């Protein structure tokens, strides 16, 4: 495929993600309030945070490997979005906290689409950071629009939860339309079983995946607890939901520039900045109860997400060989397992002391930082090149926003 066709594919895949995430994010921000109303506590919220990403991780691994084995990716992506749409509608039928957890977790079966989709992006004739950043921009934009829709519904229409979910499912169904126009690059099938495919992945790639998993334990779905903290500080749901919309907007605005930044200065340097900011943000959440400060920190958390999520996927794409689907699937699988662990531990700590949970997450972020860089010499080298980082960031800002 030509570079122009690759760019078109990015926009089509981004459009699908935007519609699906608009539906998802009409549901996600109200989940902690809904679970609390049904009698669920911190552990239930931590569990659902983990299970939403964790349960689906097994299917992500399968989806990535299977797309390599059959030499096709588009069909698996389509199935993922279809399953996600159907299960969103079933969430509205839930009548207990346990049923919400079950249906929300099953909805993540649709995440089987992620590794084949990321594999398509990694095969394109464009810079990986720019490609993954552009896709994340659409994804986050959908989240922003979905949250704004929920705010307007609460404020003006006052719909109940079931009605919101049905509307969200209808919007998510629009994600299927752009996929009909995506061109799937022909690849030769790799006839290996899953275990052999994983075993044959590059050792350096596996090491990076395990290191990135440490950060995933800390960054497990933190926004749910932040929403609850915001609600306790101000009362009501509207302002916390507005903060969540702000978070999504910051992610959308920052994803592509930070993806491009990683193309210029390297993935590790960009992740370094993201990890440092995550540590600061978690520490800030631990020591403040002011809604204004929480809002600022939520915006900074959006920057953290924009600096880390697309860049981590671009890093995996850089290191993956022929079996790009398997590499992406294994990355999502390990990250999903880490998210389950992170959600449960954080929920347990939250029940005893909310501020202690944020201090704990700051500590994990620091461990992730040193695991990624390893030595003082490497960290010194990162700091020593701050002029290069500043110049690269300035050029990207001018190109992207002026």
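Filter the stretch 40-88 down to the residues that are out of contact with any helix residue (DSSP H, G or I) (no Cβ under 6 Å at 6 or more places or on another chain), under 28 Å from residue 30 (Cβ atoms) and at pLDDT 75 or above and list them by number.
Across the stretch 40-88, the qualifying residues are 58, 79, 82, 86.
Residue-wise test of (1) surrounded by fewer than 18 Cβ atoms within 10 Å (Cβ to Cβ); (2) within 16 Å of the chain's Cα centre (by Cα); (3) over 16 Å from residue 317 (Cα atoms).
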site: 71; (1), (2), (3): yes, no, yes
site: 74; (1), (2), (3): no, no, yes
site: 89; (1), (2), (3): no, no, yes
site: 92; (1), (2), (3): no, no, yes
site: 100; (1), (2), (3): no, no, yes
site: 115; (1), (2), (3): no, yes, no
site: 120; (1), (2), (3): no, no, no
site: 125; (1), (2), (3): yes, no, no
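Can you list the helices (runs of 4 or more DSSP H) found entirely within the stretch 174-279 that contain at least 1 residues being closer than 29 Å to residue 11 by Cβ?
Result: 176-179, 203-218, 223-234, 238-265.
Just checking, does the stretch 159-168 include any residue being under 20 Å from the mean Cα position of the chain (by Cα), in contact (Cβ under 8 Å) with a residue 24 or more places away in the chain and surrounded by 13 or more Cβ atoms within 10 Å (Cβ to Cβ)?
Scanning the stretch 159-168, I find at least one residue that is under 20 Å from the mean Cα position of the chain (by Cα), in contact (Cβ under 8 Å) with a residue 24 or more places away in the chain and surrounded by 13 or more Cβ atoms within 10 Å (Cβ to Cβ), so the answer is yes.
Which condition number in (1) over 21 Å from the mean Cα position of the chain (by Cα); (2) within 23 Å of residue 62 (Cβ to Cβ) is the one that residue 206 fails?
Residue 206 satisfies all of (1) over 21 Å from the mean Cα position of the chain (by Cα); (2) within 23 Å of residue 62 (Cβ to Cβ) except (1).
The values are calculated or read from the model by the stated rules, or taken from the named source; none is laboratory data. Quick caveat: nothing in here was measured; it's all calculated off a predicted structure. Cβ: placed from backbone, ideal geometry, glycine included. Neighbour counts: every protein chain shown.
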